[in-house]
Amino acid sequence: MTSAPRSEVVFDRLLARCASDGWSGYDPYDALRSPLVRALSLGSKWPRIAWIQLVKRSPVNLRPWLGITKGVNPKGLALAVRALVVEGAARGVDRRAEVTALLEQLDGLRSPGATGSGWGYNFDWQSRAFFVPEGTPSIVCTTFVAHAYLDAYHAFGEEKWLSRAREACEFILADLHRTPGPDSSFCFAYTPVDKSRVHNASMLGAELLARVSRETGETEFVDAALAATRYTVAAQAEDGSWPYGDAGNQAWIDNFHTGFVLVSLAEVIEACGAPAWKPVLEQGYRFFRDRFFLEDGTPCYYPDRPYPIDVHSAAQALVTFARFAGIDPEAQERGRRVARWTIENMLGADGRFHFQKHERWTNRVSYMRWSQAWMVYGLARHIASERETVSA
């Protein structure tokens, strides 16, 4: 009897840890859950940002001293659902009961006031551009949850789950500002309270609209998905990269946000039948593949320097390389290197993954949404890709 691959052993242990925690935990950006921090911030932008960054960057977890409690983030639950669906199918495990329970929990976390259905984070957060109160639905949180419903619908055929994914499309189309661009394109805003132009966020909306349109046949969804994609395609640099956003302070290029854009673009091309964008996709993927990883699989944060090495980059890399395995014959091996490096360098003795590795120290704080749920999903995609190769 052969032993299970290491990635599957790690997955099983991590899944058990997360389930025992009730998928509840801390978040890198949850500083404003502290009553003390809220009082000291005086309702002002820069004090809020300073506190969020202090709590996030501290090598010691300050949350217990600041009165920050653990919480359940809808995006973390959504990643768990998506992981269980893909891993269950790959390994022949019946995950329907677990998936159903998590989706019922997500039903209870919908944001009041959103058109259709929307979801937001379980804490207030302040960006450099805008403030978002707890529970405000965002395009990122909403699309991840809706993809979870859609994945479950494909796996188990429950029509109510397709309906919930479609309701999320209503939120995207009705509640979010659109910034116009060239060629009748536009960029979806991040939340109903801002007018930001963030490429990975807008593309997540385009991806969801495209996927749902394949099930419902609604041309309005297709048209919006293509318009949002045209905006981001037009923003691609000559080297194949994309900036995080269009504002002057959003010009950086990083690993996992690039991975988001690529996966969303691949899904739009497939769902909407848009082969003209394949050269854009291939150029973007080459930039991602060649600029964000060392030879041993180390996932670099930026294209010109590795640190901080973030577990989010590792998890999204596993998803991205699994998605591109049919396009790049080297993608699967690259995914193996990332999985091996991450397990050897960022996995704690308790079965949970560390947050970040810096040049001289490691931030070992455990985060549910950012670290554990993402690695559950990344490993699930990696396992499914590996098993598909074995059975081919």
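Under the combined filter of DSSP loop state and at most 11 neighbouring Cβ atoms within 10 Å, the range 73-152 retains these trypsin sites (Lys or Arg not before Pro): ARG128. Using +1 at the Cβ of each Lys and Arg and -1 at the Cβ of each Asp and Glu in the chain, identify which of HIS177, SER20, ALA228 lies farthest towards the dipole's positive end. Positive-most Cα among the choices belongs to SER20. If you bin the C-alpha pair distances of the chain every 10 Å from 0, what whole percents do you get? Using 10 Å bins, I get a P(r) of 5, 24, 36, 28, 8, 0, 0 for the chain.
When each of the peptides 300-313, 187-200 is scored by the mean number of other C-beta atoms lying within 10 Å of its residues, the order from highest to lowest reads 187-200, 300-313. Taking every Cα-Cα distance in the range 290-392 and sorting them into 10 Å bins starting at zero, the pair-distance distribution P(r) comes out as 16, 50, 28, 6, 0 percent.
Subtracting the Cα-Cα distance of GLU238 and GLN283 from 0.36 nm times their residue separation leaves 15.3 nm of extension gain. Which log10 I(q)/I(0) values does the range 176-323 give at q = 0.09, 0.14, 0.18, 0.21 Å⁻¹ under the Debye formula, counting every alpha carbon as one identical point scatterer? Log10 I(q)/I(0), no solvent term: -0.27, -0.64, -1.03, -1.33.
Pairs exceeding 32 Å between alpha-carbon atoms, taken from LYS278/LYS357; LYS195/LYS278; LYS56/LYS195; LYS70/LYS278: LYS278/LYS357; LYS70/LYS278. Each Lys and Arg Cβ is given +1 and each Asp and Glu Cβ -1; about its Cα centre, the range 186-228 then shows a dipole of about 180 debye.
Which order do the peptides 142-153, 264-275, 14-25 take when ranked by the mean count of other beta-carbon atoms within 10 Å per residue, highest first?
On the way: 142-153: 26.9, 264-275: 19.7, 14-25: 16.8.
In descending order of packing, they fall as 142-153, 264-275, 14-25.
Loop-only chymotrypsin sites (Phe, Trp or Tyr not before Pro) in the range 311-364, please: DSSP not H, G, I, E or B, and at most 11 other Cβ atoms within 10 Å.
Details: sites: PHE321, PHE324, TRP341, PHE353, PHE355, TRP361; in loops: PHE324, PHE355, TRP361.
When the chymotrypsin sites (Phe, Trp or Tyr not before Pro) of the range 311-364 are filtered for loop state and at most 11 Cβ neighbours within 10 Å, TRP361 remain.
Rounded to the nearest 20 debye, the dipole size of the chain about its Cα centre is 1180 debye, using +1 on the Cβ of Lys and Arg and -1 on the Cβ of Asp and Glu.
Label-to-label distance, PHE156 versus ALA349, with points set 7 angstrom from Cα along the beta-carbon direction: 3.8 nm. A crude spin-label estimate for the pair ALA97 and ARG340, with each label 7 Å from Cα along the Cβ direction, gives 3.8 nm. Charge tally for ARG337 (other residues, Cβ to Cβ under 11 Å; Lys, Arg +1; Asp, Glu -1): -2.
Taking every DSSP helix (H) stretch of at least 4 residues in the chain, weighting each as -39,500 (n - 2.57) and dividing the sum by the residue count yields a mean residue ellipticity at 222 nm of -18000 deg cm²/dmol.
Values quoted throughout were computed directly from the atomic coordinates according to the rules given, and no laboratory measurement underlies them. Bear in mind that the values here come from a model prediction, so they are computed numbers and not experimental data. Neighbour counts are summed over all protein chains in view; Cβ atoms, including those assigned to glycine, are modelled from backbone coordinates with ideal geometry.
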